[in-house]
Amino acid sequence: MTAQLVVLVSGNGSNLQALISATAQDPANGGLDATITAVVSNRADAYALQRAQAAGIPTEIAPHQGIDRATYDQELAYTVASYQPDLVVLAGWDRILTTYFVAHHTTINLHPAKPGTFRGLGAIEKAFDAWQHDEITEGGVMVHYVPDEGVDDGPVLVWEPVPFFTGDTLDTYSERVHHTEHTVLIEAVRLALAQLPLTSRFGR
Ligand code: GRF
């Protein structure tokens, strides 16, 4: 049975694009046996929304301004539930979700750093800066479950190192990180879907 994904985004959506491509590909040939039933953004100007629309995926804009976090997340949880996801994927989503949300939806998050490092926004810049100061020798990319309100923290599904090379600039390093993310995310979604309990798997 084909799984249903809801993807939460806030920006460019290159990782959403990777998911769209993987779900369009034959599962027998490396594709994901999944459908993206909705893309939700907290920002109306997120380019990710245009990518979703171009692929014929329903979109929702859920602005967070002027609403308290608890109410926002309850409403978000309901909106997402209406698209019946088996898995919620945070692909460049820039808000912390409350425990209420993640208690209702199995949720995974993509973060452009090694597990346990450079949590929060600006992780690529922080890692690059640390490399320039000889504090680290490699960066990384990870996807983890979101069990609570911890920032970029939770049981790791997949992670991969991203090397630095002599002469790297922030741009060349960022490009390598994003390139790595696009495969790590697909692998993580595949793994997370396989790990859903058999009793509830796709039992919508
Ligand atoms: C990615 O680097 C992701 O790890 C981080 O935000 C960025 C989103 O990129 N959380 P995009 O919108 O998928 O292009």
*Treating the angle as unsigned and between 0 and 90°, give the value, to the nearest 10°, between the Cα long axis of helix 69-81 and the longest Cα principal axis of the chain.*
60 degrees
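Place a +1 charge on the Cβ of each Lys and Arg in the stretch 43-130 and a -1 charge on the Cβ of each Asp and Glu, then give the dipole magnitude about the Cα centre in debye, rounded to the nearest 20. Intermediate values should be presented prior to the final figure.
Working: 7 positive and 9 negative charges, 48 e Å.
That gives the stretch 43-130 a dipole magnitude of about 220 debye.
Please list the equivalent ellipsoid semi-axes of the stretch 43-111, computed as the square roots of five times the alpha-carbon gyration tensor eigenvalues, in descending order and whole angstrom. Walk me through the numbers on the way to the answer.
Values: eigenvalues 74, 45, 30 Å².
Semi-axes from the Cα gyration tensor: 19, 15, 12 Å.
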*List the residues whose amide H sits under 5 Å from the amide H of Leu157, counting only those 5 or more places along or on another chain, with H placed 1.01 Å from N in the peptide plane.*
Val143, His144, Tyr145
*Which angle from 0 to 90°, rounded to the nearest 10, does the C-alpha axis of helix 14-24 make with the longest principal axis of the chain?*
50 degrees
*If we restrict to alpha carbons, what Rg and Dmax does the stretch 108-204 come to, in Å?*
15.0, 51
*Against the longest principal axis of the chain, how steep is helix 123-132, in degrees 0 to 90 to the nearest 10, with axes from Cα atoms?*
10 degrees
*CD proxy at 222 nm, helix term only [per DSSP H run n ≥ 4: -39500 (n - 2.57); per residue of the chain; nearest 500]*: -11500 deg cm²/dmol
_Distant-in-sequence amide H partners of Val162 (H built 1.01 Å from N, under 5 Å)_ = Gly139, Gly140, Val141
_Please compute the modelled spin-label separation between Glu138 and Thr166, points set 7 Å along Cα→Cβ, answer in nm with one decimal._
1.9 nm
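For the chain, what is the convex hull (Cα atoms) projected area averaged across all directions, in square nanometres?
Working: hull surface 46.5 nm².
Across all orientations, the chain yields a mean hull projection of 11.6 nm².
Here, each number is a calculation from the coordinates, and none is a lab measurement. Since this is a predicted model, take the numbers as computed values, not measurements. Neighbour counts run over all protein chains shown; Cβ positions are idealised from the backbone, glycine included.
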